[in-house]
1. Tally Lys/Arg at +1 and Asp/Glu at -1 over every other residue whose Cβ is under 11 Å from the Cβ of Pro47; what's the total?
2. Helix-only estimate, please: 222 nm mean residue ellipticity of the chain, summing -39500 (n - 2.57) across DSSP H runs of length 4 or more and dividing by its residues, to the nearest 500.
3. Counting other Cβ atoms within 10 Å, keep those with at most 14, restrict to DSSP loop, and tell me which trypsin sites (Lys or Arg not before Pro) in the stretch 225-329 are left.
4. Please compute the Cα-Cα pair-distance distribution of the stretch 293-334 with 10 Å bins starting at 0, giving whole percents from short to long.
5. Taking the Cα centre of the chain as origin, sum charge times position over the Cβ atoms of Lys and Arg (+1) and Asp and Glu (-1), and report the length of that vector in debye to the nearest 20.
6. Eigenvalues of the Cα gyration tensor times 5, then square-rooted: what semi-axes does that give for the chain, in whole angstrom, largest first?
7. Kirkwood Rh over alpha-carbon pairs of the stretch 47-88, then Stokes-Einstein at 25 °C and 0.890 mPa s: what D in µm² s⁻¹, rounded to an integer?
8. To two decimal places, what compactness ratio does the stretch 130-198 give when its Cα radius of gyration is scaled by 2.2 N^0.38 Å?
Amino acid sequence: MNLYSSLARPLLFRLSPEVAHHLTITSLRVPLTSRLLSLGKKTPSDPITLMNLPFRNRLGIAAGLDKNAEAPLAWRSLGFGFAELGTITLHPQPGNPKPRVFRYPQQQALINRLGFPNLGAEAIATRLRHLRERHTLHDFPIGINLGKSKVTPLEQAPLDYLGSLKLLQPLGDFFVVNISSPNTPGLRDLAKPDDLRRLLSTLQDFNRSCPKTKPLLLKISPDLAISDLPELVAATKEFELAGIVATNTTIQREAKEPNETGGLSGRPLTARALSLMHVLRPLLAKEQILVGVGGVMNSNDYQTRRAAGADLVQIYTGMVYLGPHAAWEILKTP
Ligand SMILES: Cc1cc2nc3c(=O)[nH]c(=O)nc-3n(C[C@H](O)[C@H](O)[C@H](O)COP(=O)(O)O)c2cc1C
């Protein structure tokens, strides 16, 4: 038992998940909060260069936790090696009606159907520009996760993602193309080979025309058929993507799993996300990286994901259940 599980978590869990999240992010925007929370702690150090970027360790914040790029410095203070911000869409949007996030403490799970609420690419670009002007985030890469605006028809998805990339390209260290969230109607259809090729070629053509080409990765769903993966990986090779982020939340449910509509994350996802690692690693090119995410809830899960071939590992739900010392607990650093 630590102070988070004995005191802070029970208090936060009395609030609705979204209110608790808002409160947490708001307090982490104050630099003193994360400095106090990390007092006496050593930065977990396991330096590695991947995608030509220096990472001080391999554990990062998964997309969705900091959708509007509010607290990148806090994630660094809390011991993480990198953060993936977003999902960011070209147009600002409110997301789906509330309630839209549900907690299942006994199963160490969450279900969400947020639908990408965010301030939009332009406002977040302004925020990131200020951050870059004031801080050199040396050895703490910032990834930016891009999604489709709800108002944009699926046929125009490539131009919508491109609009965001144009605004954000100079501001991220790497970019993640999200075609896997279950809460934007039709988004997962973008994994169909022809649509995927059109999307990736549009983004990579622009990316290559920029003064500095940034690594692009693809974030995939755990609900894809295993038989679809070879063609999907082939597309990532054809357009020279730096790697794959696996996985997003699942819409599948086993008999005893919580049955709210939305994407399920946390412990029930561990085995499914892990099994995809074993399929993906041999399909990927040697230079492509694999980011393992989904149900990493403790140090053992982290080690297992690494052993299955994950170059980097991310958490979201684990952060909710473990609290601000998650990075130290998972990386076993005092
Ligand atoms: C409340 C919530 C919001 C999320 N929002 C996003 C998002 O905006 N974009 C995205 O790519 N993934 C999003 N995710 C998925 C996570 O990034 C991650 O892929 C998934 O939750 C599995 O990891 P976990 O079991 O550690 O939570 C979200 C997850 C949760 C729980």
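1. Computed value for this residue: 0.
2. Calculated at 222 nm, the ellipticity per residue is -10000 deg cm²/dmol.
3. Sparse-neighbourhood loop trypsin sites (Lys or Arg not before Pro): Arg253, Lys256, Lys286.
4. In whole percents, the pair-distance histogram is 32, 59, 9.
5. Computed about the Cα centre, the dipole is about 840 debye.
6. Three semi-axes, in Å: 27, 22, 21.
7. It diffuses with D of about 232 µm²/s by this estimate.
8. The reported ratio for this selection is 1.28.
The values are calculated or read from the model by the stated rules, or taken from the named source; none is laboratory data. Since the model is a prediction, treat every value here as computed from it, not as a measurement. Heads up, the Cβs are rebuilt from the backbone with ideal geometry, glycines too, and the neighbour counts pull from every protein chain shown. With ligands, DNA and RNA removed, areas are computed over all heavy atoms of the protein, side chains included. Shrake-Rupley method; radii C 1.70, N 1.55, O 1.52, S 1.80 Å.
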